[in-house]
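The values are calculated or read from the model by the stated rules, or taken from the named source; none is laboratory data. The structure presented is a predicted model; accordingly, all values stated were derived computationally and were not measured. Every residue, glycine among them, receives a Cβ derived from its backbone with ideal geometry; neighbour counts consider all protein chains shown.
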Amino acid sequence: MNSTPHTQAGESRRVFIKKAATVTALAAASSWLKTPVYGQSQAPSAGRVIGANDRIAVAYIGTGSQGQNHIRNQQKHAAANNITQAAVCDLYQRRLEQAREIIGLSPSDTYADHRTLLERKDVDAVIVSTVDVWHAQVTLDALAAGKHVYCEKPMARYLPEGFEVYDAVKRAGKVFQIGSQFCADPKIHKAAEWILAGKLGPLVWGQGSYCRNNYPRSEWTYPIDKEANEGNLDWARWQGKAKKVLWDPNRYFSWHKFYDYNSGILGNLLAHKFMPMMQATGRPEFPRRVCCTGTHKVSTDREITDTTHLLAEYPSGLTFVVAGSIVNEQGLPDIIRGLKGTLYLATSKNKVEFKPERPFAEELEAETFEHPQPEGDLAALEKNFFDCVRSGATPYGNVDLAIRCHTVLCLAEMAERLSLTLLFDEKTRTIKTGEGKVVPPLNYDTVLPKAG
């Protein structure tokens with residue numbers, strides 16, 4: 001069948017626009033890959049200069065479940081990453097011994113105090129998998145000792161600590177990677193490439209969620225090791241800057257349920273959602289306005305909420321709507337909307353689809369990207385960290401992305417627990433209400449009512 005003049009004209013127009021868009025996209029993508037929009041200085045600092053073929057000596061601070069995940073995973077890929085597992089540190093003697101046995105270290109390579117471990121000149125990088133209240137201090141100490149740092153999310157318990165880490169990374173010039181493995185997903189980087197190339201036009205709003213339901217098991221309720229006691233576990237030190245309470249094994253083993261040690265769904269789950277979604281925009285921003293609600297009417301055995309809804313508005317006009325729940329696993333699909341088109345990010349696989357909006361259907365074609373790498377591949381993020389330690393490149397979960405996500409989540413916790421809508425000024429790092437009243441950020445001494 002012959003095309004009508006109208007159809008031919010439409011196709012010619014689309015071909016012309018597509019070619020122009022392709023040139024623009026390639027230029028933007030090339031620029032983005034060579035000079036990331038967000039990144040950290042990798043100027044030389046204290047510590048050994050590591051060459052492309054040098055073996056990296058890694059130490060592990062915090063050897064609980066997540067710490068052992070890193071130990072086992074990096075042991076599996078040690079040859080490919082050219083690393084050696086040099087030392088371990090933990091406040092609980094039993095976990096310390098377990099980690100030592102997994103790696104095959106000598107007792108002299110085990111430490112109860114991370115500061116003593118950091119004195120070792122042969123350690124190049126540390127993996128921080130402690131309770132959240134120690135993330136910032138251990139990172140700061142490691143940077144001061146000239147070590148590169150891979151820190152589990154969140155980067156700190158509270159906002160001021162996060163900025164301390166941010167400023168320290170900038171001064172030290174060491175590689176800092178935040179531990180959200182979804183930041184290594186190829187679909188996220190493809191989404192950023194498309195967005196930076198203008199494929200979506202101005203971004204309008206996005207959505208996502210992290211929801212699960214492990215009933216009848218109570219989320220973040222872990223069995224108590226009856227062997228744990230103050231004789232083989234430094235309980236006072238483990239609590240860090242948090243309020244000091246008498247030995248409570250429930251608080252130690254199920255610390256995720258208590259505000260003293262973490263922010264619950266926000267820091268544990270939504271950090272994994274916000275970081276890659278913000279990364280996908282190509283130009284992560286500090287928030288302008290944040291509000292958040294939370295309840296725990298179902299899981300009443302905890303301080304933290306079991307269902308949370310967060311709304312974050314950015315200076316560019318982009319707004320994110322993100323939900324989290326530990327009592328229902330039906331969430332929102334990951335979507336980023338723009339004036340010209342929409343991105344649909346698949347769950348459980350590395351796939352992203354672009355679909356043009358109706359008014360732009362004649363100019364833009366639908367497109368799909370899919371990659372064989374599993375979604376949330378921890379090994380990919382760890383490899384990226386070690387590669388960047390050698391090359392000085394910007395890691396996926398870099399400190400600029402981490403502090404922007406941390407700011408959103410810290411403001412969300414404040415908004416939720418104080419029942420406020422909060423505004424943030426990135427230049428002064430101040431938080432205000434809509435009426436202009438300055439609100440001090442939460443800290444270890446803040447006393448707040450329990451969640452409703």
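Tell me which residues, restricted to the stretch 342-356, are assigned to a strand (DSSP E or B) and either within 20 Å of Asp185 (Cβ to Cβ) or at pLDDT below 95 (or both). Don't jump to the end; show me each part of the working.
At the first step, the residues of the stretch 342-356 found to be assigned to a strand (DSSP E or B) are 342-345, 350-356.
Within the stretch 342-356, Thr342, Leu343, Tyr344, Leu345, Asn350, Lys351, Val352, Glu353, Phe354, Lys355 qualify.
Here's a check for you: in the stretch 368-422, which residue that is in contact (Cβ under 8 Å) with a residue 40 or more places away in the chain and hydroxyl-bearing (Ser, Thr, Tyr) is farthest from Lys273 (Cα to Cα)?
Checked the stretch 368-422; the qualifying residue farthest from Lys273 (Cα to Cα) is Ser391.
Assuming Gly452 fulfils every condition listed in (1) surrounded by fewer than 21 Cβ atoms within 10 Å (Cβ to Cβ); (2) over 29 Å from Pro186 (Cα atoms); (3) modelled with pLDDT of 95 or more apart from one, which condition is it?
Just one mismatch for Gly452, condition (3).
Kindly establish whether Leu117 is assigned to a helix (DSSP H, G or I), hydrophobic (A, V, I, L, M, F, W, C), over 19 Å from the mean Cα position of the chain (by Cα) and surrounded by 24 or more Cβ atoms within 10 Å (Cβ to Cβ).
Numbers: assigned to a helix (DSSP H, G or I): yes; hydrophobic (A, V, I, L, M, F, W, C): yes; over 19 Å from the mean Cα position of the chain (by Cα): yes; surrounded by 24 or more Cβ atoms within 10 Å (Cβ to Cβ): yes.
The answer is yes for Leu117.
Given the structure, is Glu353 closer than 29 Å to Glu152 by Cβ and among the acidic types (Asp, Glu)? Steps first, please.
Numbers: closer than 29 Å to Glu152 by Cβ: no; among the acidic types (Asp, Glu): yes.
For Glu353, the condition - closer than 29 Å to Glu152 by Cβ and among the acidic types (Asp, Glu) - is not met.
Quick test for you: out of Gly231, Gly240, Gly198, Gly282, pick the one residue that is on the phi > 0 side of the Ramachandran plot, surrounded by fewer than 16 Cβ atoms within 10 Å (Cβ to Cβ) and either in a loop (DSSP other than H, G, I, E, B) or at pLDDT 95 or above (or both). Spell out how you get there, then give the answer.
Values: Gly231 fails: on the phi > 0 side of the Ramachandran plot; Gly240 fails: surrounded by fewer than 16 Cβ atoms within 10 Å (Cβ to Cβ); Gly282 fails: surrounded by fewer than 16 Cβ atoms within 10 Å (Cβ to Cβ).
On inspection, the qualifying residue turns out to be Gly198.
Might you let me know whether the stretch 362-376 holds any residue that is small (Gly, Ala, Ser) and surrounded by fewer than 15 Cβ atoms within 10 Å (Cβ to Cβ)?
The answer is yes, given that some residue of the stretch 362-376 is small (Gly, Ala, Ser) and surrounded by fewer than 15 Cβ atoms within 10 Å (Cβ to Cβ).
Tell me, which residue of the stretch 49-93 that is among the β-branched types (Val, Ile, Thr), assigned to a loop (DSSP other than H, G, I, E, B) and surrounded by 16 or more Cβ atoms within 10 Å (Cβ to Cβ) is modelled with the highest pLDDT?
Here is the first cut: in the stretch 49-93, the ones among the β-branched types (Val, Ile, Thr) are 49-50, 56, 58, 61, 63, 71, 83-84, 88.
Then keep just the ones that are assigned to a loop (DSSP other than H, G, I, E, B); that gives 49-50, 63.
Next, only the ones that are surrounded by 16 or more Cβ atoms within 10 Å (Cβ to Cβ) stay: 50, 63.
Working: Ile50: 85, Thr63: 98.
The selected residue is Thr63.
Which members of the stretch 405-421 meet the condition of being assigned to a helix (DSSP H, G or I) and over 10 Å from the mean Cα position of the chain (by Cα)?
First pass over the stretch 405-421, keeping only residues assigned to a helix (DSSP H, G or I): 405-418.
Across the stretch 405-421, the qualifying residues are Thr407, Val408, Leu409, Cys410, Leu411, Ala412, Glu413, Met414, Ala415, Glu416, Arg417, Leu418.
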